[in-house]
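Data first, discussion second: the structure below is written as C-alpha cells.
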Amino acid sequence: MTKYAGKSVYKGIAMGKVLVLGKEEDMVKREKIEDADAEIVRVGNAIEKAQQQLQDLYEKAVKEVGEASAAIFEVHQMMMEDEDYLDAIHSMIRTENINAEFAVATTGDNFSEMFAAMDDDYMKARSADVKDISNRIVRNLMGKEGNDMEQSEPVIIVADDLSPSETVQMDKDKILAFVTVHGSTNSHTAILARMMNIPALIGVPMDLDKVKTGMVAVVDGVKAEVTFEPSPEECLKVTNKIKEQEEQARLLETLKGKENVTKSGRKINLYANIGSVSDVGYVLENDAGGIGLFRSEFLYLGRNDFPSEEEQFQAYKQVAQTMANKKVIIRTLDIGADKQADYFELGKEDNPAMGYRAIRICLKQQDIFKTQLRALFRATAYGKISIMYPMITSVSEVEQIYKIVDEVKKELDDAGIVYHEPEQGIMIETPAAVMISDELAKMVDFFSIGTNDLTQYTLAIDRQNAKLDDFYDSHHPAILKMIQIVVDNAHKEGKWAGICGELGADMDLTKTFVEMGLDELSVAPSMILKLRQIIREMD
C-alpha cells in the first residue's frame, strides 16, 4: 500500500482500477535512414492524418465544452503548419539522416523549451501545445492510435498532466477520478472535475514508473490523498464511505424543485457560475435558479483573434434560450491578470493583477467593448439576460460605460434590431468599490461581489503566489465587514446584492451570508443542492 498527498480540486471519494496515461515521446529511438525524401513524405502524411484527428476533436469539443474551449484544436492545427517548425524537422532529417519520429520528437522538445523560457505567459502556454502536437505526429508515424480510452469499466485517470486533447477524448461516464503530478486548480482537468462532481488531485509527487494500469487505487478528495493497492481493510472502509456519499447524493436529489428558503421564511437565490455554453447542462442538472456568472472571457481565450459579434451573439442567445427565461448574468470581458490572450497585445506588466485588465481594456479599446455589447443586447430578445461589468473602482467608470451603452443602443435602433432593456450591474472586487458602494448603488441595478479579487486586493496578497497560501484568508474579518457594507448600501437603494466568488460556496459561511442579508449566491453547479440543504435546515 502506497499513499501520496496532493492538492484537492474537488472533494469526494472514489475507488477503482487505474489507467495510466503514458507519454509516447519516451519510446522514440534515433535511427539512421537512407532516403531522406521518403522520411519527409512520411512526416507530411502523419501531419495530414493529425490535422484530420484535430478536426474531429474540434467538432467533438464544440458539442461537449463549447466553441471557446474547442478553439485550442484549431490553434494546434495552425501550429502544425508553422514554417519554422516544419523547416526544423525537414532540416534535421536531411542533414543528420535520421528517422522522422526522432526528428519530430526532438524538434518538439526544442520548440517547447524555447517557449517555456519566454517571459510572456501566453507563449509559455504554447510550450505544452507544441509538445502535444509533436506527440500526436510521432504516434501517427509509429502507427499508434493514442491512449486507450475505450475501457469498458470506469477508471481512475493517472497522468503526469493532462492536455486539452486528452481530456476531450475521454468518455466522461467512464471516469471515477483524476490524479496528476502537475497541473493547477485552473487547468482544463480541474474545471472538468468540478463540473462532473468527481474527486481530483493535482500536485501528487508520485513515481509514474511505479504506478501500473490495472492497479486498484483510492482517491480521497476530502483528505487530499491517493492510495495505491490499498489493504482489504482500507477497501472496506472506503466502500462504506462511498455508500454514504451515494446516499447523501440521493438525498440531495430530493431537494430538486424545492425552494432555497430557511425555516423562518428567508429566501436566497442560488445561481451557477459557468465558463461556456456547454456548461448549461450542469446548471440544469443541478437545478440552479439561474446563471449568476457567465465568464464571457472564455470566448476570447485559446484562439488567435477576437470572436466576432455574430459568434458571441450565438453563444449568448443559446444560453438564454436554454435557460428558458431564468436569469442569465453575463460578465463583460474580464481579460488580463491571470487570463491572457496574445492577440490583445497587452504587453508584459510587473503586476498584472493591478494592471491593464477587465473594464480598463474595454474603456480604452472601445471597439472591442462595443462589439461585445452589441452581441449582448441582441441576445436580450431571446431570454432574461443581465449584464455585469467587472473591476469597477469609480463612479466615472460607470458613467463612461453607460455613455458607450447608449451609443450601442442607438446603433441597434437605427438598424431596426430588436432588444430588451437588461439589468445592468457591477462587480464589487476592489476596496475602492466597497467604500463608494453607497454612491454606486444609486447608478446600477445590482451588485455581485467577486470575493477572490476583493480578498487579494484587501490583504495585499497575490492569489497566484503559492508562497502566500498560508496568508490568504478569505474569512478575514475585513472581508466579511466589507461584504456587509456592500449588502447594506445596496438594500438602502432597493437593489440586490450577491456573491459570485469562490467564497459563495464556502459552506462554513452559508449561515453567515444569509444572516448578512445577501440575496444571491452564485457557485459551481455541483454546490447548488448542498447549499440548498444548509439553507433549508436553518432556523
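What follows is calculated from the coordinates using simple rules that are stated; it is not laboratory data. These numbers were taken from a predicted model, which means no experiment stands behind them. So basically every Cβ, Gly included, is an ideal-geometry build from the backbone, and we count neighbours across all protein chains shown.
The DSSP beta bridges internal to the chain are antiparallel in roughly 35% of cases. Between the helical axis of 395-414 and the longest alpha-carbon principal axis of the chain there is an angle of about 80 degrees.
Here's how it looks for SER386: its modeled amide H is under 5 Å from those of VAL328, ILE329, ILE330, which are all 5 or more places away or on a different chain.
Calculated from the structure, Rg/Rh (Cα atoms, Kirkwood Rh) equals which of [x] 0.99; [y] 1.01; [z] 1.06? Read-out from the structure maps to [x]. By the helix-only formula, in which each DSSP H run with n ≥ 4 contributes -39500 (n - 2.57) and the sum is divided by residues, the chain has a 222 nm mean residue ellipticity of -14500 deg cm²/dmol.
Legend: distances between Cα atoms for LYS63/LYS174; LYS327/LYS495; LYS317/LYS530; LYS409/LYS442; LYS174/LYS327; pairs beyond 24 Å are LYS317/LYS530; LYS174/LYS327.
Compared with the direct C-alpha span, the chain from PHE471 to ALA324 gains 48.6 nm at full extension, assuming 0.36 nm per residue. Taking label points 7 Å from Cα along the Cα-to-Cβ direction, ILE33 and ASP160 give a separation of 2.4 nm. Seen against the Cα atoms of the chain and their longest principal axis, helix 309-322 is set at about 70 degrees. Seen against the Cα atoms of the chain and their longest principal axis, helix 100-116 is set at about 40 degrees. Counting pairs of Cα atoms in segment 442-524, how many percent are more than 18 Å apart? Tail fraction, whole percent: 41.
If you bin the C-alpha pair distances of segment 349-453 every 10 Å from 0, what whole percents do you get? Result returned by the calculation: 14, 44, 33, 9, 1.
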